[in-house]
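Peer 1: Dropping a structure here in structure tokens format, bear with me for questions.
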Amino acid sequence: MFSITPSARLRPSPFYDSTLKEGVREFTTYNNMLMPTGYGDPEGEYWRLINGVSQWDVAVERQVQLKGPDAGKLAQILAPRDLRNCKTGQGKYVPICNHDGILLNDPILLKVDEQCYWLSIADSNIWFWAKAVASERRLDVEVSEPDVSPMAIQGPKSDDVVASVFGDWVRELKYFWFRESSIDGIPVVVARSGWSKQGGYEIYLLDGSQGTRLWDIFREAGKPWDIGPGNPNLTERIESGLLSWGGDTDEQTNPFEVRMGKYMDLDLSDEVIGIEALQKIHAEGPRRHQLGLIMEEEEPMRPGFVWNDIMFEGNKIGDLTNNVWSRRLEKNIGFALVSTKSQPGDEVRVNREGKSIKGKLVELPFL
Ligand code: THG
């Protein structure tokens, strides 16, 4: 085994010490930070998320803050989704595109107030991008990365755990909506969100010095429901059809190709970055789309991240971008980014480590 050299390039999460104490065994990097990806019991961690409640260090979901008189204007320039009806306290899933309509990130946008927005970003540097755009458009807005670090409580029992900490008002939160609150003097934002389809909350810690205390509050409160550590779960997210930017996308991917069409509004003004390219892509029809793939291999295959060719009648039609063994379907499943000529029901083959594996394209999500 190898170890990782600590340095300023790998910024520690406020929950780092807590995850060590929980017995974290694996990490990945994301936004120049370490994110826990396993605590040594993949099966237990999966079922805890499906049937119970799971506590995640997702501080890597960094916030790019837009603050000032032109914050709303900048948000709308960056996101090709109509934000006029977005209320304070509301979040929305938005694509961020470049001028060619290529997807640069897929954050949740949170409207903190009329002059403050957060982009809760995936793994690419939107801070640079937003700062450059703000300067080029001569906007009166400050772009920064505030001291904000999300921790997720996910799973069907998360409502009970989070309500036991904050009160029953959290049960009334609508999807992606949030409220500022505090617990034992620790300032937080409580949102109904999280990168699973099992229900849950994200508690955004607003004081990085209080990570251990916040972690312990939930660890204690969750005991009656058997809370335990977990992380954004590869198996569950593929079963549920959640997109991983950078994993399921490449340098040519536009939002239409990865099922984000419903999160865009094409009648926005041409001030919005990428809007003209997106209108054109929409008019011509995207070349690829994202489908599910079920493979015939009986035994669990190695999870993949190296894109494998998907073949139809001897020709390459696209790529298998990620795959995993579904514990609920007991099948090897994955995401296929394939030509729009290919449709659910098509029988295909995947070239994998010198083998040609039989599979079938299906609609997403799997579950
Ligand atoms: N929470 C927070 N920040 C994040 C993520 C998160 N930043 C990184 C990454 N995740 C951003 N990407 C996504 C991708 C999908 C979803 C959320 C963030 C998601 N999608 C649902 C779906 O596709 O079914 C619902 C979308 C909708 O209906 O509007 O939840 O998880 N803080």
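The values are calculated or read from the model by the stated rules, or taken from the named source; none is laboratory data. Worth saying up front: this structure is predicted, and the values here are computed from it rather than measured. Virtual Cβ from ideal backbone geometry, glycine too; neighbours counted across all protein chains shown. Please note that ligands, DNA and RNA were not included when accessible areas were found on the heavy atoms of the full protein model with its side chains. Shrake-Rupley method; radii C 1.70, N 1.55, O 1.52, S 1.80 Å.
Peer 1: Does region 35-43 contain at least one residue that is under 18 Å from the mean Cα position of the chain (by Cα) and either closer than 21 Å to Lys174 by Cα or open to solvent by 10 Å² or more (accessible area, probe 1.4 Å) (or both)?
Peer 2: Initially, region 35-43 is screened for residues under 18 Å from the mean Cα position of the chain (by Cα), giving 35-38.
Still in the list and also either closer than 21 Å to Lys174 by Cα or open to solvent by 10 Å² or more (accessible area, probe 1.4 Å) (or both): 35, 37.
Yes: one or more hits.
Per-residue answers, yes or no, for (1) among the charged types (D, E, K, R); (2) under 26 Å from the mean Cα position of the chain (by Cα):
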| position | (1), (2) |
| --- | --- |
| Asp319 | yes, yes |
| Asn322 | no, yes |
| Ser326 | no, yes |
| Asn332 | no, yes |
| Pro344 | no, yes |
| Val348 | no, no |
| Glu353 | yes, no |
| Gly359 | no, no |
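Peer 1: Any chance you could count how many residues in region 81-105 are under 18 Å from the mean Cα position of the chain (by Cα) and either part of a loop (DSSP other than H, G, I, E, B) or over 24 Å from Arg259 (Cα atoms) (or both)?
Peer 2: 5
Peer 1: Still on this structure: Hey, Trp47 hits all of (1) closer than 22 Å to Val161 by Cα; (2) surrounded by 20 or more Cβ atoms within 10 Å (Cβ to Cβ); (3) under 21 Å from the mean Cα position of the chain (by Cα) but one; which does it fall short on?
Peer 2: The number of the failed condition is (2).
Peer 1: So, one more: Tally the residues that are part of a helix (DSSP H, G or I) and over 17 Å from the mean Cα position of the chain (by Cα), restricting the search to region 258-279. I'd like the intermediate steps shown before the answer.
Peer 2: Looking only at region 258-279, we keep the residues that are part of a helix (DSSP H, G or I), and these are 258, 261-263, 275-279.
Imposing the further condition that a residue be over 17 Å from the mean Cα position of the chain (by Cα) reduces the set to 275-279.
The total comes to 5.
To keep it simple, each residue is scored yes or no on (1) in a strand (DSSP E or B); (2) surrounded by fewer than 16 Cβ atoms within 10 Å (Cβ to Cβ); (3) small (Gly, Ala, Ser); (4) touching a Cys at 6+ places or on another chain (Cβ under 7 Å).
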{"site": "Met151", "(1), (2), (3), (4)": "yes, no, no, no"}
{"site": "Pro156", "(1), (2), (3), (4)": "no, yes, no, no"}
{"site": "Val165", "(1), (2), (3), (4)": "no, no, no, no"}
{"site": "Arg171", "(1), (2), (3), (4)": "no, yes, no, no"}
{"site": "Phe176", "(1), (2), (3), (4)": "no, no, no, no"}
{"site": "Arg179", "(1), (2), (3), (4)": "yes, yes, no, no"}
{"site": "Val189", "(1), (2), (3), (4)": "yes, no, no, no"}
{"site": "Gly194", "(1), (2), (3), (4)": "no, no, yes, no"}
{"site": "Glu202", "(1), (2), (3), (4)": "yes, no, no, no"}
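Peer 1: Ok, one more. Within region 327-367, which residues are free of Cβ contacts under 8 Å to residues at least 60 places away in the same chain, among the aliphatic types (A, V, I, L, M) and out of contact with any Phe, Trp or Tyr (no Cβ under 7 Å at 6 or more places or on another chain)?
Peer 2: Applying the first criterion (free of Cβ contacts under 8 Å to residues at least 60 places away in the same chain) to region 327-367 yields 330-332, 336, 338-356.
The next check asks that each one be among the aliphatic types (A, V, I, L, M); those that pass are 336, 338, 348, 350.
Within region 327-367, Ala336, Val338, Val350 qualify.
Peer 1: Taking region 298-311 only, how many residues are in contact (Cβ under 8 Å) with a residue 12 or more places away in the chain and either within 16 Å of Thr249 (Cα to Cα) or open to solvent by 60 Å² or more (accessible area, probe 1.4 Å) (or both)? Outline the logic, then answer.
Peer 2: Within region 298-311, the first condition is being in contact (Cβ under 8 Å) with a residue 12 or more places away in the chain, and the residues that meet it are 300-301, 303-305, 307-311.
Now narrow it down to the ones that are either within 16 Å of Thr249 (Cα to Cα) or open to solvent by 60 Å² or more (accessible area, probe 1.4 Å) (or both): 300, 303-305, 307-310.
Count: 8.
Peer 1: Tell me, which residue of region 74-88 that is farther than 16 Å from Val141 by Cβ and open to solvent by less than 10 Å² (accessible area, probe 1.4 Å) is nearest to the ligand (Cβ to nearest atom)?
Peer 2: Filtering region 74-88 down to residues farther than 16 Å from Val141 by Cβ leaves 80-82, 84-88.
Right, trim to open to solvent by less than 10 Å² (accessible area, probe 1.4 Å) and you get 80, 86.
On the way: Pro80: 15, Cys86: 12 Å.
Applying the filter and picking the extreme gives Cys86.
Peer 1: Continuing with this model, one more query. Among the residues of region 91-110, count how many are open to solvent by 10 Å² or more (accessible area, probe 1.4 Å), touching a helix residue (DSSP H, G or I) at 6+ places or on another chain (Cβ under 6 Å) and within 14 Å of the ligand (Cβ to nearest atom).
Peer 2: Total satisfying the criteria: 1.
Peer 1: Which one of these is more than 16 Å from the ligand (Cβ to nearest atom) and touching a Leu at 6+ places or on another chain (Cβ under 7 Å): Ile186, Ile217?
Peer 2: On the way: Ile217 fails: touching a Leu at 6+ places or on another chain (Cβ under 7 Å).
After applying the criteria, what remains is Ile186.
Peer 1: Restricting region 117-149 to residues that are away from the ligand (no atom under 16 Å from the Cβ) and closer than 22 Å to Val189 by Cα, which is surrounded by the most Cβ atoms within 10 Å (Cβ to Cβ)? I'd like the intermediate steps shown before the answer.
Peer 2: Within region 117-149, the first condition is being away from the ligand (no atom under 16 Å from the Cβ), and the residues that meet it are 128, 131-144.
Now narrow it down to the ones that are closer than 22 Å to Val189 by Cα: 142-144.
Values: Glu142: 14, Val143: 23, Ser144: 13.
Checked region 117-149; the qualifying residue surrounded by the most Cβ atoms within 10 Å (Cβ to Cβ) is Val143.
Peer 1: While we're on this one: Would you pick out the residues in region 118-134 that are more than 14 Å from Ala59 (Cα to Cα) and touching a Gly at 6+ places or on another chain (Cβ under 7 Å)?
Peer 2: Ser124
Peer 1: Name the residue that is least open to solvent (accessible area, probe 1.4 Å), counting only residues in region 315-364 that are modelled with pLDDT under 95 and more than 25 Å from Gly246 (Cβ to Cβ).
Peer 2: My answer is Gly354.
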